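Here's the structure, in structure tokens; my notes come after.
The values are calculated or read from the model by the stated rules, or taken from the named source; none is laboratory data. Model, not experiment: these values are computed from the prediction. FYI the Cβ positions are ideal-geometry reconstructions off the backbone, even for glycines, and counts take in every protein chain you see.
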Amino acid sequence: MNPDKPVDRVSLIKGYAWHAYPDPATPGVMAGDNPFGDEEVPALDRTPVDPPGNARAYWLLNKNTPGIQNATEGHSYLVVTADHERPQVVTGWFVEPAHLDDSFQLDQRGDRWVRLARFLGDVQVAGGSVRECEFEVDRG
């Protein structure tokens with residue numbers, strides 16, 4: 001944890017890390033602008049109350065987000081799921097295991113952040129393996 005942040009402002013989210021990104025060739029894919037078809041882009045202070053399906057949380061990435069090797073141009077997301085099943089996304093979005101390393105940190109809106117706290121293990125899925133992770137989330 002960040003020693004400069006009060007403990008009550010930081011929460012832990014444990015789950016499987018996925019990378020979701022749009023297929024720009026699919027008509028209308030950017031209408032919802034996120035993999036679940038919602039109009040509002042989630043931010044660290046605005047994760048949906050009830051993320052759909054097995055998703056626990058999701059955050060907007062950019063191509064320069066440190067610690068994720070498979071981030072893409074434009075809107076892509078880190079999706080954390082409760083189990084090792086791929087999150088269900090709307091037509092025109094792809095999902096693959098997120099390729100994270102120890103330096104993963106997402107900074108948004110000034111001093112708000114999400115950081116990889118630790119890896120908990122790997123589970124084999126179609127097309128590779130997905131990592132179970134624990135993330136620290138600044139809620140303050």
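One line per residue, one yes/no per condition, for (1) within 12 Å of I13 (Cβ to Cβ); (2) charged (D, E, K, R); (3) surrounded by 15 or more Cβ atoms within 10 Å (Cβ to Cβ); (4) modelled with pLDDT under 95:
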site: Q69; (1), (2), (3), (4): no, no, no, yes
site: T72; (1), (2), (3), (4): no, no, yes, yes
site: T91; (1), (2), (3), (4): no, no, no, yes
site: P97; (1), (2), (3), (4): no, no, yes, no
site: D107; (1), (2), (3), (4): no, yes, no, yes
site: G127; (1), (2), (3), (4): no, no, no, yes
site: R139; (1), (2), (3), (4): yes, yes, no, yes
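Identify, by number, the condition in (1) crowded, with 19+ Cβ neighbours inside 10 Å; (2) at pLDDT below 95 that C133 doesn't meet. Evaluating C133 over (1) crowded, with 19+ Cβ neighbours inside 10 Å; (2) at pLDDT below 95 leaves (2) as the failure. If the condition is being among the basic types (K, R) and over 15 Å from the mean Cα position of the chain (by Cα), then region 84-111 contributes only R109. Of the residues making up region 59-68, those that are touching a Leu at 6+ places or on another chain (Cβ under 8 Å) and either assigned to a loop (DSSP other than H, G, I, E, B) or not aliphatic (A, V, I, L, M) (or both) are W59, T65, G67. Pull up region 44-62, narrow it to residues that are modelled with pLDDT under 75 and surrounded by 14 or more Cβ atoms within 10 Å (Cβ to Cβ), then point me to the one that is farthest from V125 (Cα to Cα). Of everything passing the filter in region 44-62, L44 is farthest from V125 (Cα to Cα). Looking at region 78-126, which of its residues are in contact with a strand residue (DSSP E or B) (Cβ under 6 Å, 6 or more places away or on another chain) and polar (S, T, N, Q)? Matches in region 78-126: T81, Q105. Filter region 3-43 for residues that are at pLDDT below 90 and among the basic types (K, R) and give the result. Residues satisfying the conditions are K5, R9.
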